[in-house]
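The values are calculated or read from the model by the stated rules, or taken from the named source; none is laboratory data. What you see is a predicted model; the values in this text were computed from it and never measured. Methodologically, a virtual Cβ is constructed for each residue, glycine included, from the backbone with ideal geometry; neighbour enumeration extends over all protein chains shown.
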Amino acid sequence: MTDALLEELASICGSDAVLAAPDDVAPYLTDWRGVFHGTALAVVRPSSTVSVAACVRACVADGVSIVPQGGNTGLAAGATPIDLDRAIVLCLGRMHSVRALDRAGFTIAVDAGCILADIQAAAEGSDRFFPLSLAAEGSAQIGGLISTNAGGTAVLRYGTMRSLVLGLEVVLADGSTANGMRALRKDNAGYDWKQLFIGSEGTLGIVTGAVLRLFARSPYRVTALLAIASIGQAIGAFGDLQEALGEALTACELFDERAVALRLQYEPQLTRPIAQQPWYLLIEAASALPGLREGAEAALALALERDHAADCVLAESSAQADALWAWRETITENERRVGKSAKHDISVPISDVPAFIDCATQNVETQFPGTQVLAFGHLGDGNVHFNVLLGSRAQAQDVNAAVHAVVGEFGGSITAEHGIGRYRRDELPHYRSAVEMALMRALKRAIDPAATMNPGAVL
């Protein structure tokens, strides 16, 4: 980076918003898991869309690439500047304003750097509800969540991030700004261009603002944990609950005994929340209408009667509900403590989840002695986080290939919600047709011909 460009970026954003000293830049160069490490000429922290656009124009003129970064909570190294000679990290954390909240229209307009938990709180303060929820919500930023089309635990009822975005503001690769901050539920005027940027992982442009859907708050909520002997029974229990609760069923999360044992290893003061079984199903339902708890009790009784569950616990308070959720939400952090793992964020048809987990587990643990599978995820939408605790980091690539081969056999996807990033980039062509890959490359060339935006990610 030339001194002239550094000075120009400082003049755009302020001298305190441009970090160039190695110790200041270092925290932005490593992914959340501490596995991937990159290099950058500087970290730039603009505070407005106008500043972002000016930074892009300055970098384009100097031939410097841009890696957008939000809360840096991603698990696919999409925001880590790996193998880039001349790049800056453009961090959006200073852009954290709620621009507007329309209570009557059930929408909220926010900057890209808004933290998810703050958006949830802003909605709640107006007696509204923003449904995206995931373990990193205290630090994940909405721009990154949009760029990765995040899923979370409520996809079953509310869909992925793609379903929650009404309008976008995006700075393009030439430094121009596409302003589509429209709070419209129906808009059939030409191409819906915002969909190109949702899930594009910063490779086509930089999301700087969004209009999001809000929902009515549900005063009635039930949370339950079921102990289950097999995943096949979990599928049966899911069917029982969905039939009984309908759209009120918000989440249906699967995890195994290994996840419970791992948490108890690090928090031995805890006690098991339910009788021990190989698998557990955490469910949540919410409704604006009374009678939800009675309906949930009847559904759980039916699951027990049909032998789809061995035991169940229904939370008696919000505190108990939060405690049950903690068994699911701490899995990734506890796995991180182990140190070595190969992560797989796959999706298969819901009915194939039991067969996929059985087949992939047998393949991995047979081929790679010393490994241990930790499978958990969103049973209600077929998304399994099939993670493998490794004996050594050298096993990771071969383990990935073995797992993804099974994904292919079941017609699934190698990433359901985490994205491709740099972690899965080289595998993508094996699981997408040549026509699909050509289409993606054509879009990249058309929108970012100089490959300025997050080069090396996705493609």
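Looking across segment 257-298 at every residue that is in a loop (DSSP other than H, G, I, E, B) and closer than 17 Å to G236 by Cβ, the one that is farthest from the chain's Cα centre (by Cα) is identified as Q277. State whether the residues of segment 35-54 include one that is in contact (Cβ under 8 Å) with a residue 60 or more places away in the chain and more than 19 Å from A10 (Cβ to Cβ). Yes. Listed conditions (1) under 23 Å from L204 (Cα atoms); (2) buried (at least 17 other Cβ atoms within 10 Å of the Cβ) are all met by A154, apart from (1).
The selection criterion, being over 26 Å from F376 (Cβ atoms) and buried (at least 21 other Cβ atoms within 10 Å of the Cβ), holds for G456.
Here are R94, R185, R128, R162: which of them is surrounded by fewer than 19 Cβ atoms within 10 Å (Cβ to Cβ) and in contact with a strand residue (DSSP E or B) (Cβ under 8 Å, 6 or more places away or on another chain)? Just one listed residue meets the conditions, R185. Considering segment 321-431, the qualifying strands (runs of 3 or more DSSP E), each wholly inside and each with 1 or more residues that are of a type in the set (S, T, N, Q), touching a Lys or Arg at 6+ places or on another chain (Cβ under 8 Å) and not assigned by TED's automatic domain parsing to the domain that holds A261, run over 372-378, 383-389. Filtered by the rule that a residue be free of Cβ contacts under 8 Å to residues at least 60 places away in the same chain, surrounded by 15 or more Cβ atoms within 10 Å (Cβ to Cβ) and assigned to a loop (DSSP other than H, G, I, E, B), segment 19-31 gives A20, D31. For the residues L212, L196, L254, L225, the requirement of being touching a Leu at 6+ places or on another chain (Cβ under 7 Å), assigned by TED's automatic domain parsing to the domain that holds A112, touching a residue at least 60 places away in the same chain (Cβ under 8 Å) and not in a helix (DSSP H, G or I) singles out L212.
Just to verify a result, which residue in segment 53-69, among those that are part of a helix (DSSP H, G or I) and in contact with a strand residue (DSSP E or B) (Cβ under 9 Å, 6 or more places away or on another chain), is nearest to T177 (Cα to Cα)?
Per the criteria, the residue is A53.
Could you go through segment 391-400 and let me know if any residue there is surrounded by fewer than 16 Cβ atoms within 10 Å (Cβ to Cβ), of a type in the set (D, E) and within 18 Å of G199 (Cβ to Cβ). No, that holds for no residue.
Listed by position, the helices (runs of 4 or more DSSP H) enclosed by segment 90-162 that each have at least 1 residues that are without any contact (Cβ under 8 Å) to a residue 24 or more places away in the chain and out of contact with any Pro (no Cβ under 7 Å at 6 or more places or on another chain) are 116-125.
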